[in-house]
1. Among the numbered criteria (1) open to solvent by less than 20 Å² (accessible area, probe 1.4 Å); (2) under 31 Å from the mean Cα position of the chain (by Cα); (3) closer than 30 Å to PRO723 by Cβ, which one does VAL379 miss?
2. Can you tell me which residue among GLU393, GLU409, GLU371, GLU415 is open to solvent by 50 Å² or more (accessible area, probe 1.4 Å), out of contact with any Pro (no Cβ under 7 Å at 6 or more places or on another chain), closer than 30 Å to ASP328 by Cα and not hydroxyl-bearing (Ser, Thr, Tyr)?
3. When you check ALA157 against the structure, is it small (Gly, Ala, Ser) and open to solvent by 40 Å² or more (accessible area, probe 1.4 Å), yes or no?
4. Which is open to solvent by less than 90 Å² (accessible area, probe 1.4 Å) and over 29 Å from GLY306 (Cβ atoms), of ALA449, ALA458?
5. Which residues, taken from region 341-362, are part of a helix (DSSP H, G or I), within 36 Å of the chain's Cα centre (by Cα) and surrounded by fewer than 18 Cβ atoms within 10 Å (Cβ to Cβ)?
6. Would you check if there is a residue in region 710-728 being open to solvent by less than 60 Å² (accessible area, probe 1.4 Å) and basic (Lys, Arg)?
7. Tell me which residues, restricted to region 1-59, are under 21 Å from ASP160 (Cβ atoms) and touching a Gly at 6+ places or on another chain (Cβ under 8 Å).
8. Give me the pairs, please: first residue somewhere in region 384-401 and free of Cβ contacts under 8 Å to residues at least 60 places away in the same chain and part of a strand (DSSP E or B), second residue anywhere and of a type in the set (A, V, I, L, M) and surrounded by 15 or more Cβ atoms within 10 Å (Cβ to Cβ), beta-carbon distance under 6 Å, and either six or more positions apart or on two chains.
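The values are calculated or read from the model by the stated rules, or taken from the named source; none is laboratory data. Computed from a prediction, not measured in an experiment: that's the story for all the values here. Here Cβ is always computed from backbone atoms with ideal geometry, including for glycine, and neighbour counts include all displayed protein chains. All accessible areas refer to the heavy atoms of the entire protein, side chains included, with ligands and DNA or RNA removed. Shrake-Rupley method; radii C 1.70, N 1.55, O 1.52, S 1.80 Å.
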Amino acid sequence: YEIHVSYDSTKYISRELDKIYMRTALTLLILLVFVFLISRELNYLLLILVSLSVNLGIAFILYYLLGLEMQLYSLAGITISLSLVIDNTIVMTEHIRSHANRRAFLSILAATLTTMGALVIIFFLDENIRLNLQDFAAVVIINLGVSLLIALFLVPALIDKLGLTRSRRMRYSHRQWQRRLDAFSRRMLVCFNRAYAWQIRVLSRWRALAYVVLVLAFGLPVFLLPEKLEYDSSKKQDAYTAADSFLINRYNDVIGGETYKNKVKPVIDKALGGTLRLFVQKVYAGSYFTRNEELVLHITASMPNGTTLQQMNSLIMRMEAFLSGYRDIRQFQTVIYSARQASIAVYFTKAAARTAFPYTLKSNVIGKALELGGGSWGVYGLMDQGFSNDVRETVGSYRIEMTGFNYDELYDFAESLRGKLLDNRRIREVNIDSEFSWWKDDYQEYFFALNKERLAQAGILPLNLFASLYPILRKDVEIGTIVVDNEVEKLKLSSRQAAEYDLWSVQYMPQLVQDVPYKLADLSVIAKSQAPQKVAKINQQYKLCLQYEYIGSSKMGKQIQTTILKDFNKKLPMGYSAQTADMNWSWGSKDNKQYLLLLLIIVIIFFTTSILFNSLRQPLAVIGIIPISFIGVFLTFYWFKLNFDQGGFASFVLLCGITVNACIYILNEYNQIRADRPQLSPVSAYIKAWNAKIIPIFLTVISTIFGFIPFMLGADKESFWFPLAAGTIGGLIMSLIGIFFYLPLSLPRTKKDGIEEIRS
């Protein structure tokens with residue numbers, strides 16, 4: 001015997017860990033270099049380092065106490081949270097240095113709570129996504145929570161100890177070049193304030209037009225309107241009111257007309273669809289398939305029903321003999337699942353994997369499969385088109401899964417449901433099996449369809465009928481053992497009729513049941529039908545799978561299926577259910593329901609900011625920045641032709657939490673200025689708040705963007721992380737544009753805003 005390593009998952013995990021360590025180190029280096037270049041103060045850099053180290057130290061203790069698992073997603077969450085943690089430190093530091101108080105903590109608290117609230121919806125996602133991301137979300141939430149304590153207690157103390165209470169301008173104002181630079185900066189600031197105040201006043205006058213432009217830029221889903229409205233099949237047409245029928249017919253005449261579809265629809269969709277139309281129609285919704293594993297050629301073989309295990313083994317051995325002639329094959333692994341299914345996985349040497357040999361071998365294997373015959377072959381792998389000569393008929397794209405605690409009753413219910421489906425003339429055949437399949441199984445069994453009325457007339461019970469047939473058809477019945485030549489042998493009996501009777505004899509040869517003569521053909525019908533070959537269970541319940549094909553539009557087929565299941569489930573007893581089983585395994589229609597969870601984030605943001613601002617109007621302005629950031633996501637995926645998967649959805653979630661932070665900082669500063677100096681006009685107070693907060697906002701946005709750059713590095717676009725980074729960066733950049741132009745539109749209207757206050 002020889003032992004070979006077929007797969008070592010630690011190699012893949014080790015590579016992923018090295019990648020995360022590299023990303024963490026690169027993220028930290030980029031953030032620290034960025035902070036130093038902006039501040040040009042070693043003490044400022046030391047403050048960031050100390051606060052970040054203390055933050056991570058406390059967070060690690062909490063990871064241990066809460067029992068969090070350190071897996072790949074958790075470590076990536078630590079990397080992503082570095083920039084978010086540094087953001088809180090920067091905002092608090094800049095505010096203390098300019099205002100000498102801690103009043104910015106409330107805005108930092110609200111901004112952090114919105115981000116934490118956005119991550120909470122991960123715990124409401126489907127289980128297959130939640131199990132991977134719940135530790136990621138928990139890590140980020142813990143880091144952000146600890147950063148609040150660091151910003152409130154540690155940062156002010158570090159600022160005092162490191163001598164960062166005074167600004168650079170005041171400490172170096174005795175230098176002549178610095179005084180000239182400060183004077184130039186003040187003149188430029190006054191010019192910017194004048195221009196910005198003029199822009200705010202102009203946009204305020206044309207506020208409605210500005211909002212219309214925003215709506216058109218985001219897009220209206222007019223391109224998703226159906227071409228035709230159809231009547232509900234579960235209702236009779238006379239059940240609709242005259243108004244309903246008029247609207248349906250009018251809609252079909254206008255929207256379904258050739259004029260609208262050929263001339264009006266293309267123009268309307270482009271004019272009103274905006275970036276949403278580009279995203280929905282042009283962006284591919286699927287994951288990147290990165291080659292994390294070695295090159296493998298997969299060969300599958302399938303045999304018809306009735307094949308023996310020896311026949312399958314003989315066929316596979318002939319393919320193995322063919323593969324054994326190639327020295328560049330490092331190893332091939334054969335698995336014979338059953339007499340009807342087998343597969344071979346071919347692995348190549350490292351030198352051969354870099355050449356054209358795998359593709360040459362694939363062509364040769366296809367030729368050998370056609371030569372062998374004997375069954376259906378499939379050859380897949382190498383990231384190109386596969387080969388298959390399978391001629392089996394597809395079983396159907398419409399799927400229904402039934403579950404129950406009693407197998408016999410469940411099968412009876414499945415037969416009843418099959419009858420209801422076959423009542424529709426567009427459904428020709430319904431298959432019942434224990435598992436879903438792409439191909440129709442040719443396995444069939446004989447079954448008895450008893451004539452219960454005739455049995456009752458003859459006074460014969462079904463149990464007695466089967467008891468009379470049992471000894472006639474029985475084979476190899478073990479009745480004991482005998483000793484032959486000092487060896488124990490099993491003694492078996494078989495009915496002579498079991499070998500002599502054919503199907504006709506079983507049905508028409510007279511038999512006796514309790515001295516009552518009968519012919520089986522008078523009491524029952526023996527027929528051959530497809531039947532499950534095994535019993536399947538899920539969650540301690542038996543499972544049956546129904547598959548069929550509907551001749552017609554998929555929308556109508558789904559509607560009919562939903563209507564039938566709704567009525568059928570009402571009649572099922574407790575413990576039994578029938579529901580549709582979606583075939584779509586990608587990030588598709590089923591996952592579209594998760595976009596409704598974004599509304600939960602918006603609700604969290606609304607209540608958090610309304611408490612902070614003590615207002616119901618300003619939170620609406622904050623929430624209005626979220627769709628603007630989504631425009632950035634739409635354009636990023638469209639312009640750069642990126643795939644959209646769970647990582648893209650995660651960027652939507654993350655943007656909901658972090659894009660509103662800048663709005664919270666500005667509006668909180670604006671409210672404080674208005675409370676301290678009520679004589680200032682709203683525009684003047686807003687510009688002062690803008691000037692006070694734009695630098696820390698710019699620093700936090702840039703630092704967040706830099707924090708995601710390491711996730712975009714590499715030769716391949718990695719699934720989840722690359723779309724997450726790209727979408728977040730694009731949304732953050734667009735959010736700055738939205739804050740500059742649209743956030744001031746939330747200010748109360750005044751007749752005239754003076755410029756003299758801005759100068760002061």
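1. Going through the list (1) open to solvent by less than 20 Å² (accessible area, probe 1.4 Å); (2) under 31 Å from the mean Cα position of the chain (by Cα); (3) closer than 30 Å to PRO723 by Cβ, VAL379 breaks only (3).
2. GLU371
3. The answer is yes for ALA157.
4. The conditions single out ALA458.
5. Matches in region 341-362: LYS350, ALA353, TYR359.
6. For region 710-728, residues open to solvent by less than 60 Å² (accessible area, probe 1.4 Å) and basic (Lys, Arg): absent.
7. The answer is ASN43, and nothing else.
8. PHE387/ILE366; PHE387/VAL379
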